Structures are given as C-alpha cells and as structure tokens.
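Structure record follows, encoded as structure tokens.
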Amino acid sequence: MAERMQGGRLAARAIAAHGVDTIFTLSGGHVMPIYEGCRLEGVRVVDVRHEQAAAHAAEAWGRMRRACGVAVATAGPGVTGTVTAVANSFVAQTPLVVIGGARPLAQAEQRALQELGQLSLLRPITKWAALCTDAERIPEFVATAFRNALAQPRGPVYLELPMDVLFAEAPAGDVAPSRSSARAFGDPREVMKAAELLGGAERPAVVAGSGIWWDGAWRQLAAFAENGRLPVFLSGSARGALPPDHELFFQHSRGAALGAADVVCVIGAPLDFRLGFGRFTPDAKLVHVHADPAELGRNRAPDAGIVGDCAAVLGILADGVKRGGAGDREAWLARLREAETAWWDEHRGEIESDAAPVHHYRLGAELDRVLDPGTVVIGDGGDVVAAVSRVLRVHRPGHWLDPGPFGCLGIGPPYALGVKTASPTKQVVVVAGDGALGLNGFELDTLARFDLPVVVVVGNDGAWGEIRIPQVGIYGAEAEVATRLAPTPYHRLADVFGGHAEHVERPAELAPALERALAADQLAIVNVMLDPDAMSGHPYRGM
Ligand SMILES: Cc1ncc(C[n+]2csc(CCOP(=O)(O)OP(=O)(O)O)c2C)c(N)n1
Ligand SMILES: [Mg+2]
C-alpha cells in the first residue's frame, strides 16, 4: 500500500520532482498544506511582500536556470495579485507555473471567503489553466502544468488546487516528470532555402533573440556567424551570446544594417515593435526561425520560414552557410563597423561627461568599468535602462534581464530575488529607475530578510523620465502632469530593511561607491542623482 499524504505534500513532491528547489509565495490559509509539504520534502519557501513579486521571482528563477519556476498564491487577492507578472511571462513567452489556492470545492458558488472565478481570469493570459479536484491526481496535474509551460512556445500556466483538495489525504503515487526532450529541426526545404539565401547574400544581417538562450544555442550561433561571416545583433536574453569583442558582434549599427541588408535573418525573436514590425527594407529577403509557427508571417511573410529549436536549426545552418560559400562580406562588415564607431563617437561626450547631476550614459560607462563579466544585470526602468543597456557590455548569455516586450516596470527587485536564489554565487545588480523601484520596492525587505546580497542602483532623476521628457516636448514645460517624483533618498531604505547605503551626486563618486556596494556582501542600495533632462533628444520608445 502506498503511503498516504496530504494533497499539499503531494504537490510539493511533484514540484521537487521537476527540479524545482525553491518556490515563491505570500502566505494564505488556502495554500497552507503546500508549505508543510515543502518543509517535509525539502523545497525552500521564499515568502515575498506581494504576489506579483512571487510570480516575477519564479519567472526569473526559471530564466536563470533555463527551467520553469513556481509561484504559489492564495485564493482571491493572492491569485489576482499575480496577474501582471503572469501577463509579462505570457507576452515574453517564458515558462512559469502559478499554483493558486481556492475556497473548498464544497463551498463553490456559496460566496465563500476569497471566492472568485479565478480560472476564467487567468485563462486569456496563460497557455493552460486547469482545476484539480482530486488530491490523488495532483502529481499528474503538476506534471501537465510543467509540460505545458515548457513546451514550445513556452509560457505561463495556472493550476488551481482548492483548499479541501490540498487538505485531503491520498496515496502517494508516481511523481516523475512526464515530458519529451524532442527538438524540432525545421522543415528541410525551408532550411535549405535559408542556407541558400544567406550563402548568396551580399549584405546579410542576423538578429538573434531570447530563443538563443532558452534553446542553449549560443555555440551554434557563433559557428553559424563565423562560418558564414554574418554580422549578428543580439536582443533580450541572447545579449552576451557572442562576447562583446567578437568581430561579428554589432550593437549600434542595427538601424544601418536593417536599412540596407539584402537578407535579414531573425532567430528566436518575433517580428514585433522591437524590429519595426518587420518593416525594414522591402527588397530584403527574410529568413525567420521561431519555435511558434504562428509567429512566422506576423507582420511580414518570410522567404524562408523555419519552425524549430534555435540550437537544432542553427546547428544545421552553420554547415549550410559554409557550403553555400560566404560571398565577399568584408566591405559590408567594414561599413557596419564604421556605423558602430560613429555611434560611440557621437555619444562620447555623454559617456565621459563629468557633469553633476550624473548623465545616464556616464552611469552605464561606470557600471561597465566596475562590473565583473559574470555579473547578472537586471534593468528595470525607462530612460536609465535604455541608456545603460546601450553602454554596458554583456559578456554571457542570460546575464541581462529586462521587462521585455510587455514593458513591465517593477520587475527589478523580484527578478533579483529569483536570480539570486537560482544562482546564489552570481553577483546580481539591479539598475532601477526611481519610478520603477516604487512598484515592487518592498521586495528589498525580502532580499534583506533572506540575506541575499544584491546591489540595487537607483537612477534617480526625480521623475518618470521616459514619459516626462516627451510629455514636455509635446505639451510644453508647464504640462508635467503625473510625471514628477521627489528627489527621494532611496539609499536610506537600507536603514529600514538592513543593508549597505551609498549616495552619489558626482560622476567621480560612482566607481568607488559601486565597488563598496559590490564588496558589502549584503543588500546594497546605491542612489545615483541623474540629470532629469539628460535624455532629451534621445530616441524614444515608451509610448
Ligand atoms: C507597470 C508600468 N507602468 C507604467 C509604464 C509606463 N512607463 C514606461 S517608462 C516609464 C517611466 C519610468 O520611470 P523610471 O523608472 O523612473 O525611469 P526613467 O525613465 O526616469 O529613467 C513609465 C511610467 C510601464 N511601462 N509599466
Ligand atoms: Mg526616473
């Protein structure tokens, strides 16, 4: 006879069986048996201050491990609190399992405490949402949840475990994960077409997105680029997939490249607003590699459309572009390198600016100088993140995290929590706008409480800068409505939560302050006073 145990423990065992050693939650009576199950099964429970943060942290835990994290939210306001984070992962196509508590099934439709039709709320922003009504089937439902979250295209799922199901006892059955590791290699005809197009191109450009990280394809990407002598632009989690000093890595000449390319190859990224909805040169041929067939043809029909895993497809294409023989690319590569140099020359004054308050680009340059190449940097904010991301070099894939296509401010401290829990030995730095910090700033308490040494650099322009600057540009200086903040001394939050504090007003103070913060071996908050008008006239992406 199999041992009998509570549903909560069955859930915890199944979670652990999927390689998840930490869950993120905010407590509630409806989900209490899961905590006891985690205690007995050796799963760490990290409790946060808002359910949104639990789901963001679980998503980031997964991003760091290239796996799927778990958040547990109690019934009603617990589950509704996760909605923004679930939507963020839905839009970014990242895996996430959210387990929601619910009033006992026996009280359904009786106006029980915290009762709400949660499934129908979560369904439009998840790949899969289901209710388990039988404790014995919890392991099977957990396995189905993971399978759906991790299947391509990846995404968030929601599993509802009502209170009486979690408290009920059932025999402990098999909890092994039930998933296939099969990879899609792409339609051979399309792969061949892609190799021919790229092999024959005079002015190719490759844009590689987060799929490179998720599919573990950075080596294949490098071989593909090197064999075909293809210039590569990286976005999202793919940043760092080629090291910054790689001769085929380009960052600031993307507009020039997409404006003049004869073949554009987009891998592991959708043709969304970040790629101008695919409206680059009309004459260019498009090779598009994506795991989701519905993405091929969105905004622009591909000339070669490949549904597949980035590592599998690039592994074949790396040989294909070699056989196709790379035409003479050197003039094209030199032209892009010139555009690259021109960008740095144009911005050198800002990057080296000694002005106080600090210029956003100078902050980025000082971070680049001080940070170890193995640091994970999380960008959470508007202009400050845009500026830092243009100047800071990323050395390893998966080491730059930002809100992504949902543009979700507030991911900073929760992502840090997820990343630091997934990879405790990593140095983790959050670059947060003073505005963005407010959304989940109370997770600084969680970071301190769990003794997680993260450095939070607050870019303090006393404003929602990315909105204020165009607002003033459109409506005039008197029209600053809802976009000003106070010059708050955010470093003093360390007095409340515990941790190391730094306050920076001048560029020369930046490097020593950052170094002290990095060496502090505890939560450190570095409040950097930025020039609120420094980013006027810079390209704008926020509306
Ligand atoms: C949750 C959320 N609310 C609002 C916005 C709109 N928004 C985009 S950028 C921005 C300003 C960000 O201000 P801050 O974090 O201080 O960075 P700054 O631009 O000042 O450097 C806002 C409000 C958003 N993207 N996400
Ligand atoms: Mg700001």
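Throughout, read-outs are computed from the coordinates displayed, never taken from laboratory work. Only a predicted model underlies this, so the values are computations on that prediction, with no experimental measurement involved. A quick note on method: Cβ atoms are made from the backbone with ideal geometry, for glycine too, and the neighbour counts reach across all protein chains shown.
Things to note:
- Modelled spin labels at residue 167 and residue 449, positioned 7 Å past Cα toward Cβ, are 2.5 nm from each other.
- Phi angles across the stretch 303-320 convert, under the Karplus curve 6.51 cos²θ - 1.76 cosθ + 1.60 with θ = phi - 60°, into 3J(HN,Hα) values of 7, 9, x, 10, 8, x, 7, 4, 5, 5, 5, 5, x, 6, 5, 4, 6, x Hz, Gly and Pro given as x.
- Proximity of backbone amide H atoms, modeled 1.01 Å from N, is registered between residue 456 and 430, 524, 525, 526 at under 5 Å, excluding neighbours fewer than 5 places apart on the same chain.
- Taking each residue as 0.36 nm, the span from residue 110 to residue 511 lengthens on full extension beyond its C-alpha to C-alpha distance by 138.3 nm.
- Partners of residue 193 within straight-line reach, counting lysines whose Cα lies under 27 Å from its Cα and excluding those fewer than 8 residues away in the same chain: 285, 322.
- Averaging the Cα positions of each part gives two centres, and for the stretch 1-80 and the stretch 228-282 these lie 38 Å apart.
- Cα-based convex hull volume of the stretch 312-463 per residue, rounded to whole Å³: 152 Å³
- Reciprocal mean inverse distance between Cα atoms of the stretch 220-353 - Kirkwood radius, Å: 15.7 Å
- Label-point separation in nm, residue 67 to residue 262, each point 7 Å along Cα→Cβ: 4.8 nm
- Ranking of 415, 475, 35, 490 by neighbouring Cβ atoms within 10 Å, starting from the fewest: 475, 35, 490, 415.
- Here r is the Cβ-Cβ distance between residue 27 and residue 331 and R0 is 51 Å; the resulting FRET efficiency, rounded to 0.05, is 0.20.
- Put simply, the amide H of residue 160, placed in the peptide plane, has neighbours under 5 Å in 100, 130, 131, 132, leaving out anything fewer than 5 places away on its chain.
- Over the C-alpha atoms of the stretch 435-543, the Rg to Rh ratio, Rh being the Kirkwood estimate, stands at 1.03.
- Taking other C-beta atoms within 10 angstrom as a stand-in for reagent exposure, 411, 267 fall in the order 267, 411, fewest first.
- Cut-off 18 Å (backbone N to label point 7 Å along Cα→Cβ of residue 294), residues of the stretch 103-131: 120-130
- Computed over the stretch 428-481, the P(r) tail beyond 12 angstrom holds 70 percent of alpha carbon pairs.
- Projected label distance in nm at residue 486 and residue 246, using a 7 Å step from Cα toward the beta-carbon: 4.7 nm
- Scattering curve values for the stretch 97-142, log₁₀ I(q)/I(0), Debye with Cα scatterers, q = 0.16 Å⁻¹: -0.49
- Each residue in 190, 346 was given a count of other beta-carbon atoms within 10 angstrom of its own, and listing them fewest first yields 346, 190.
- Distant-in-sequence amide contacts of residue 464, defined by a placed amide H-H separation under 5 Å and a gap of 5 or more residues or a different chain, comprise 484, 485.
- Residue by residue, the stretch 386-402 carries 3J(HN,Hα) couplings of 4, 5, 4, 5, 7, 9, 7, 7, 10, 9, 9, x, x, 9, 10, 10, 9 Hz when phi is fed to the Karplus relation 6.51 cos²θ - 1.76 cosθ + 1.60 (θ = phi - 60°); x denotes Gly or Pro.
- For the pair residue 355 and residue 273, a Förster radius of 35 Å applied to the C-beta separation gives a FRET efficiency near 0.60, rounded to the nearest 0.05.
- Taking the three principal axes of the alpha carbon atoms in the stretch 4-171, the coordinate ranges are 37, 32, 28 Å, sorted in descending order.
- Between residue 44 and residue 344, the FRET efficiency from the beta-carbon distance, with R0 = 41 Å, is close to 0.40.
- Karplus (6.51, -1.76, 1.60) ³J(HN,Hα), θ = phi - 60°, over the stretch 127-140, in Hz, Gly and Pro reported as x: 7, 7, 9, 8, 10, 9, 9, 9, 3, 4, 8, 4, x, 5
- Signed unit charges on C-beta, dipole axis of the chain, positive-most listed residue 475, 14, 385: 14
- Binned Cα-Cα distance frequencies in the chain - 10 Å width, integer %: 4, 18, 26, 25, 18, 8, 1, 0
- Charge dipole (debye, nearest 20) of the chain; +1 at Cβ of Lys and Arg, -1 at Cβ of Asp and Glu: 1160 debye
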